[in-house]
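Engineer: I'd like to ask you about the structure that follows.
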Amino acid sequence: MNFNDTPEESAFRAEIRAFIEAEAPKNTPRNAEGFAGGSTTRDWFKKLAARRWIAPAWPVEYGGAGMSVMQQFIYNSELAEARVPRPGGIATGFAGPTLIVHGTEEQKQKYLPEILEGEVSWCQGYSEPGAGSDLAALQTRAIRDGDDFVVNGQKIWTSGGHRAKWMILLARTDPDAPKHRGITYFIVDMKSPGLTVRPLINAAYTHEFNEVFFEDVRVPAANIIGEENRGWYLAQTTLSFERSNIGSAVGARQNVEDLIKFARDHRADGQSTIDHLSGVKTELVDRYVEAGVATLMSYKIVSIQAKEGIAPGHEASVAKLYGTELNQRINRTGMRMLGLYGQLSGENAPMHGRIRYGYLRSTANTIEGGTSEIQRNIIATRGLGLPRA
């Protein structure tokens, strides 16, 4: 692993930094959950779109920047370091890459341009009440009826479903096939008759997730991506886009740095928190070192991709497991520092309520995207070669 930039990488990093300095919004409005969006963020995304930086991993011929793995790593790390809004999500990370690899030319021309504008949201219809970690157990049905499929079933934990224009949907089209087969990949208009989005309020009292119900929803057969009954294999599709999770690693370090600043600046009974609260110095040092470890994991993953040209396997599970559990430890440290003030939210709360939100929200981080238990199984079997239990 080489921590130094090549001359080309150094020049690219300088280009990114100069662009951020000249064009990025200053003091972007940010609430406890992250960047608050609004016209400032939209204007910033338009500037990124003009540079083809909304989808840095996409090929140039489809409107992306065609960045190499290392360029994506540098791009994402510099945006994270600058604390500016970063594009991403289902549209650029999942729907777009799947369309580029498996979509028809008509589908690419219809959907990719609006994704690149940075203003259209997509959601993901994967998980179901009985099909979470075991996604292939999904039961939502799609039955052919002329030029349409009629969809019935339920999806859950649909992030951003209340804002999305389109959904990428996995539905079972052959109930007699083995469970990993007989699944088809659809694009669904979220305004379709019979489709209902119901909010799920999380423990942090925010609306990110939804339940989505399908009651005789008609989806044109032209909205299938790839081949009928081959959707499971499409769901595994990725392009060579950067998966090092460097943005989260940088964010973890920045959260610890913010806690350190608060501990130094906040005073009670004539003493700063860092001097008054027993053991807090050691705890903050532990968190800072751990955030550094998360960064090293990101470097390892991107090095594997850059040198070997393969997607990370169990290494990505290690980073996901470690990073999400670290997030919980950081927020626990923050709550201990803030005491009763840690229960407050809003602009006037310490750190604008970020610690309260993070403490409540971080529990879900170890569940979504593959539970910690699932990640440990992957690490054990694929990484350490241990037998399956």
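Engineer: Only one residue in ALA57, ALA95, ALA49 is in contact (Cβ under 8 Å) with a residue 40 or more places away in the chain, part of a helix (DSSP H, G or I) and under 17 Å from the mean Cα position of the chain (by Cα). Which one? Break it down stepwise before answering.
Structural biologist: On the way: ALA57 fails: part of a helix (DSSP H, G or I); ALA49 fails: under 17 Å from the mean Cα position of the chain (by Cα).
Answer to the check: ALA95.
Engineer: Of all residues in the stretch 130-149 being part of a loop (DSSP other than H, G, I, E, B) and touching a Lys or Arg at 6+ places or on another chain (Cβ under 9 Å), which is farthest from VAL219 (Cα to Cα)?
Structural biologist: Among residues in the stretch 130-149 that are part of a loop (DSSP other than H, G, I, E, B) and touching a Lys or Arg at 6+ places or on another chain (Cβ under 9 Å), the one farthest from VAL219 (Cα to Cα) is ASP134.
Engineer: Same structure again: Are there any pairs, at least 6 apart or on different chains, whose C-beta atoms fall under 8 Å, with the first in the stretch 270-298 and of a type in the set (Phe, Trp, Tyr) and the second part of a helix (DSSP H, G or I), and if so, which?
Structural biologist: Listed pairs, sorted by first residue: TYR288/ARG253; TYR288/VAL256; TYR288/GLU257; TYR288/ILE260.
Engineer: Just name the residue that is modelled with the lowest pLDDT out of those in the stretch 303-356 that are of a type in the set (Asp, Glu) and farther than 26 Å from VAL289 by Cα.
Structural biologist: Here the answer is GLU308.
Engineer: Hey, another quick one. If the Cβ limit is 7 Å and pairs must be 6+ apart or interchain, which residue in the stretch 358-369 that is assigned by TED's automatic domain parsing to the domain that holds THR333 pairs with which residue that is among the hydroxyl-bearing types (Ser, Thr, Tyr)?
Structural biologist: ASN365/THR324; THR366/THR324; THR366/SER372
Engineer: Right, here's the next one. Of all residues in the stretch 323-336 being surrounded by 20 or more Cβ atoms within 10 Å (Cβ to Cβ) and hydrophobic (A, V, I, L, M, F, W, C), which is farthest from ASN255 (Cα to Cα)?
Structural biologist: In this case the residue turns out to be LEU326.
Engineer: Do any helices (runs of 4 or more DSSP H) lying entirely in the stretch 219-304 carry at least 3 residues that are more than 22 Å from the chain's Cα centre (by Cα), and which ones are they?
Structural biologist: The qualifying helices (runs of 4 or more DSSP H) are 246-265, 273-276.
Engineer: Considering ARG172, ARG141, ARG163, which residue is under 15 Å from MET190 (Cβ atoms) and either in the same structural domain as GLU211 (by TED's automatic domain parsing) or crowded, with 24+ Cβ neighbours inside 10 Å (or both)?
Structural biologist: Details: ARG172 fails: under 15 Å from MET190 (Cβ atoms); ARG141 fails: under 15 Å from MET190 (Cβ atoms).
Sole residue among the options that is under 15 Å from MET190 (Cβ atoms) and either in the same structural domain as GLU211 (by TED's automatic domain parsing) or crowded, with 24+ Cβ neighbours inside 10 Å (or both): ARG163.
Engineer: Does ALA364 satisfy being hydrophobic (A, V, I, L, M, F, W, C), in a helix (DSSP H, G or I) and surrounded by fewer than 19 Cβ atoms within 10 Å (Cβ to Cβ)? Even if it seems obvious, please write down each step before you answer.
Structural biologist: Details: hydrophobic (A, V, I, L, M, F, W, C): yes; in a helix (DSSP H, G or I): yes; surrounded by fewer than 19 Cβ atoms within 10 Å (Cβ to Cβ): yes.
So ALA364 fits the description; yes.
Engineer: Output the residue which, of all residues in the stretch 144-160 that are surrounded by 17 or more Cβ atoms within 10 Å (Cβ to Cβ) and at positive phi, is modelled with the highest pLDDT.
Structural biologist: GLY153
Engineer: Continuing with the same structure: Among the numbered criteria (1) crowded, with 17+ Cβ neighbours inside 10 Å; (2) without any contact (Cβ under 8 Å) to a residue 40 or more places away in the chain, which single criterion is violated by GLY339?
Structural biologist: Failing condition for GLY339: (1).
The values are calculated or read from the model by the stated rules, or taken from the named source; none is laboratory data. Everything numeric here is computed off the predicted structure, so don't read it as measured data. Glycine gets a Cβ as well: all are built from the backbone with ideal geometry, and neighbour counts include every protein chain shown.
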